[in-house]
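One structure is given below, encoded as structure tokens.
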Amino acid sequence: MLTRLAGGRVIDPANGRDAMGDVWMRDGRIVDAPLQMEPDATYDATGKIVLAGAIDIHSHIAGWNVNTARLLLPEYHRAAMARPATTPLSYAGWSTFEIGCRYATMGFTTVVEPAVSPLYALHAHLELADTPIIDKATLAVLGNDDYLLGLLRGNESEAAIQDYVAWVLEMSRSIGIKVVNAGGAAAFKENLRAFSLDDVVPDYGISSRQIVNALQRAVNKLGVPHPLHVHCNNLGLAGNVETALATIEAAEGLPLHLAHLQFYSYGSEGERGFSSAAARLAAAVNAAAAGVTIDVGQVMFGPTVTASSDVLRQFNARHRARPKKWLILDGDADGAGIVPYDYRRGDFYNAVQWAVGLELFLLVDNPERVFFTTDHPNGAPFTSYPEIFALLMSRDLRAKWIADLPSAAMAVTTLPSIAREYTLPEIAVMTRAAPARLFGLADRGHLGAGAVADVAVYQDDADRAKMFRAAALVFKDGELVVRDGEITRRTWGRALTVAPQRDRAIDRRMKEYYETRYGLPDELFKVPDYALGRPEPFEFVPCRV
Amino acid sequence: MERAWIAGEPVALDAAIGEAAKLIAASMQPLIAGLGTDVAGVRAAISLAQRVGGVIDHMHAESLLRNLDVVRSSGVMLTTPTEAEMRADTLLVAGPVPQTGLFQQLVSGSSGRSAGGKARRIFWLCPGRDAATAAAGRNDVKVVGGALRDLPALLAALRARLAGRAVAKTATSIRSLEQLSRDLKASRFGVATWAVAHIDPLAIEMLCGLVDDLNATTRFSTLPLLPADNAVGALHACGWMTGLPMRTGFGRGHAHHDPWLFDSRRLIGGDETDCVIWISAYHAEAPSWPGAPPTVALTADGAAFRVPPRVHITVGVPAIDHAAIHYLPSTGTLAAAAASQPSTRIAVADAISRIAAALPDDGARRC
């Protein structure tokens, strides 16, 4: 099957292309324009923008936390809008089926679920296997687990930590490692209520910084393409910019990704002791070593739910839930907290948060190191992306929003003074080329020959929100899956995963550990291929040798 | 070998599948009940319900939703079986509790293994008739209160005392309330537990509030004892596939959750369903309601029906006859289990897929 996408403006920054032209696909891959061959199918892209499929690097779309949030909030479904009609369970609200279809409709073809406790990996993969069209991947959460803390307490070798990390990646079928408030959940078990980078976990005698550094080195040494994904300490607290700055400094030149930095860009100035420190943090990111990247976690106004493995933070926030209900899980390692929240336009703090996110986007110079996220659903549901693209691309639109927000809030940010407007090529870098590089996905995020034929085509509309809300055409693995914002075909994607080399002696050690600690076989927590009921559930991403 | 019957007469599996499809295709309001099956079986059942505009319920939905109702209307601290087993130094039991595996584990566990090896202290509120067995092999269980009906008042008084508020006289003396309050506050990691089948939502909510209050100064959490037959696995699969728990109907063309409207027993009693698909793969259990409409039963071997169902197919038991994924009470997670005695008995998921494949291809039927 040879397909020609004809006459669109092809924006493919990874290959230095921004010109009118064609894109050709054959058997699920992008190919060079063939000589003297007639395509089997031609799609007219005149007046349209042709991009690689977008990649979301941090969106909580599957697993125990997300599903518990669904069960906690049945009323959120009633307000849901009409669903694509051709999918199973198409009117079902916030289901896995809907998530896959809605992402595809916006031209997203790969999404990373960033917080899977290894014990719940099977659950997360079952949900992902029921998420249509998009490819997906998971990050395994470590850093509050007894085995790792035990290795650190025992001053075990770096090789021992690497073997353990490699074992976790394989048993949980993940693409990388995330650390959430390193040591914070372990400290909360011992009744500590606050935890910072140089605080020490009781009993283990290890600081948060030591945990982050150990995992960062292990991930790097194993050749896992995605650097350690860090959710810092002190999320959401006034003055926490110091924590973020210290964490960036702690990277010590090695690659490190800092997640949803909007939630860490707060100063403590102004009458209410809460202000934007985004400009300071953006300057630090601009000056940091090349391997340091961030994503934003943009806040948008409206009801949502915060679902996080940062049990300490969620515990401290539980009585501020909107509506007033919540669930805190004292889990085996990290635990979790589900706290509904309503970001309100008239709320000083929420308005500052909204501005802080946009400041980060606009003040980090290089779109290769600031990634597009709302930390779905924590800052806002992913369905709000089109509005965020529009805000990034238009100063006038931002000015309109700013005029409607509390002026006291805007006064403690720099947003009103920022003139920058993102261009389409910059959007393409931030949502396509750079995410593929960040995860080592050589055949994604671009439109060069050999790439996976994941392509999103948008009507070039001055109303950018409208343009990005409903793609004109989306191809997944070369198959047309969306036309004019409607799902035309439902395919099942794959989960991308890594399997770095390890000393197999760790397998026996882990078996013993599970039997001694839990009295249970470690097999119980593995994700077998047959479990997912799809013909090819996984695709391996190579590690650096 | 699977065995199949139509109206009590043995038939080939294909014939039973065909008859089941005919019944479902002719039904105005099919009901999928029981739902005692692994995750694959639940997924197949939900897909079928969606396709034919049916209702999906579970045999333990009543007690499961009773607990969920508290979760979705207030605040809840929750822990996992492994975490409780590992770290709890205090166990607060409320109401009668069946001596199930997990509960036995919690009670007989010498202590939280990381809690310094001291014996786990156990307080039992209103054990009712289980008082005699409350000791569960331990002679140091502290029992407070007696009959289950006293539990709500006891919890309310305890919570008030804990908060330093005055309380009216209850069946329990102020002195023992205060002692209990001090004991609970002195825990390092306490876990409250109850059997969701036995205590009412207001008592559960009061317990959850009590636990939240205790967290003002120490660490305390809850571990409800949940029903069997993969009820929790079914709840999760319903959650991700529909966004909603069981007791959800698809007759309107979209998922609609209503715990009263879609209660199997009420639907059958009110003559609101004309075809029941009853699933019980873990136990050879027949539905308990009398005089059901035409029924397609998928059960483990040996189910005894008062009246033979219209179609009956013996299915494999998950994790015995075939590999399965289901909720594991000992870990609190979904886990994969290999077949312990592999057989050719058909799995629920396969039986439903074959029935679905035999339905006339009219897409999703709409009234």
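The values are calculated or read from the model by the stated rules, or taken from the named source; none is laboratory data. No experiment lies behind these values; they were computed from the predicted model shown. Cβ coordinates were reconstructed from backbone atoms using ideal geometry, including for glycine residues, and neighbour counts include every protein chain displayed.
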Flag for A:T293 being over 30 Å from A:A408 (Cβ atoms), under 22 Å from the mean Cα position of the chain (by Cα) and not in a loop (DSSP other than H, G, I, E, B): yes
Total residues in the stretch A:411-435, condition small (G, A, S) and either assigned to a loop (DSSP other than H, G, I, E, B) or under 30 Å from A:F348 (Cα atoms) (or both): 3
Exclusive hit being within 14 Å of chain B (Cβ to nearest Cβ) and in contact (Cβ under 8 Å) with a residue 60 or more places away in the chain, set A:V527, A:V498: A:V527
Helices (runs of 4 or more DSSP H) fully within the stretch A:176-289 counting 1 or more residues that are of a type in the set (V, I, T): A:208-222, A:241-250, A:278-287
Top-ranked residue of the stretch B:238-267 - restricted to ones that are part of a helix (DSSP H, G or I) and more than 13 Å from chain A (Cβ to nearest Cβ), ranked as farthest from B:L92 (Cα to Cα): B:L267
Any hit, the stretch B:27-42, residues being among the charged types (D, E, K, R), in the same structural domain as B:T314 (by TED's automatic domain parsing) and part of a helix (DSSP H, G or I): no
Residue match in the stretch A:372-384 (condition: outside any loop (DSSP other than H, G, I, E, B), crowded, with 21+ Cβ neighbours inside 10 Å and modelled with pLDDT of 95 or more): no
Residue check, B:D200 of a type in the set (D, E), more than 12 Å from chain A (Cβ to nearest Cβ), in contact with a strand residue (DSSP E or B) (Cβ under 6 Å, 6 or more places away or on another chain) and within 18 Å of B:R66 (Cα to Cα): no
Where B:Q99 falls short, out of the listed (1) assigned to a helix (DSSP H, G or I); (2) surrounded by fewer than 20 Cβ atoms within 10 Å (Cβ to Cβ): (1)
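For (1) surrounded by fewer than 23 Cβ atoms within 10 Å (Cβ to Cβ); (2) within 12 Å of chain A (Cβ to nearest Cβ); (3) at pLDDT 95 or above, each residue gets a yes or a no:
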{"site": "B:A20", "(1), (2), (3)": "no, no, yes"}
{"site": "B:Q29", "(1), (2), (3)": "yes, no, yes"}
{"site": "B:T37", "(1), (2), (3)": "no, no, yes"}
{"site": "B:R72", "(1), (2), (3)": "yes, yes, no"}
Any pair with Cβ under 8 angstrom, 6 or more apart, that starts in the stretch A:97-123 at a residue that is in a helix (DSSP H, G or I) and ends at one that is of a type in the set (D, E) and surrounded by fewer than 24 Cβ atoms within 10 Å (Cβ to Cβ): A:F97/A:D130; A:T105/A:E486; A:P118/A:D145
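A quick yes/no check of all residues on (1) part of a helix (DSSP H, G or I); (2) of a type in the set (A, V, I, L, M); (3) within 30 Å of A:S417 (Cβ to Cβ):
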site	(1), (2), (3)
A:A317	yes, yes, no
A:I328	no, yes, no
A:D332	no, no, no
A:D342	no, no, yes
A:G346	no, no, yes
A:Y349	yes, no, yes
A:A355	yes, yes, yes
A:L362	yes, yes, yes
A:D365	no, no, yes
Residue check for A:G53: more than 9 Å from chain B (Cβ to nearest Cβ), at pLDDT 95 or above and touching a Pro at 6+ places or on another chain (Cβ under 6 Å): no
B:V315 hydrophobic (A, V, I, L, M, F, W, C) and crowded, with 23+ Cβ neighbours inside 10 Å: yes
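Conditions tested, residue by residue: (1) of a type in the set (G, A, S); (2) in a loop (DSSP other than H, G, I, E, B); (3) buried (at least 23 other Cβ atoms within 10 Å of the Cβ).
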residue: B:A168; (1), (2), (3): yes, yes, no
residue: B:A171; (1), (2), (3): yes, yes, no
residue: B:Q179; (1), (2), (3): no, no, no
residue: B:H236; (1), (2), (3): no, no, yes
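Name every residue in the stretch B:296-308 that is within 16 Å of B:I352 (Cβ to Cβ) and surrounded by fewer than 24 Cβ atoms within 10 Å (Cβ to Cβ), in order of residue number.
B:A300
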Residue in the stretch B:262-271 that is touching a helix residue (DSSP H, G or I) at 6+ places or on another chain (Cβ under 8 Å) and among the hydrophobic types (A, V, I, L, M, F, W, C) present: no
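Results for (1) surrounded by fewer than 24 Cβ atoms within 10 Å (Cβ to Cβ); (2) β-branched (V, I, T), shown as yes or no for each residue.
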site: B:V311; (1), (2): no, yes
site: B:S330; (1), (2): yes, no
site: B:A336; (1), (2): yes, no
site: B:T344; (1), (2): yes, yes
Extreme residue, farthest from the other protein chains (Cβ to nearest Cβ), among residues of the stretch A:501-518 that are without any contact (Cβ under 8 Å) to a residue 24 or more places away in the chain and loosely packed, with under 13 Cβ neighbours inside 10 Å: A:R504
Search result, residues across the stretch B:261-308 that are touching a residue at least 40 places away in the same chain (Cβ under 8 Å) and farther than 24 Å from B:S353 by Cβ: B:D263, B:L267, B:I268, B:E272, B:P308
The stretch A:468-486 - residue that is under 18 Å from A:D56 (Cβ atoms) and among the aliphatic types (A, V, I, L, M) and, of those, surrounded by the most Cβ atoms within 10 Å (Cβ to Cβ): A:V474
Selection within the stretch A:296-315 - assigned to a helix (DSSP H, G or I) and either among the hydroxyl-bearing types (S, T, Y) or surrounded by 24 or more Cβ atoms within 10 Å (Cβ to Cβ) (or both): A:V311, A:L312, A:R313, A:Q314
Condition check for B:D183: surrounded by 22 or more Cβ atoms within 10 Å (Cβ to Cβ) and either without any contact (Cβ under 8 Å) to a residue 24 or more places away in the chain or among the acidic types (D, E) (or both): no
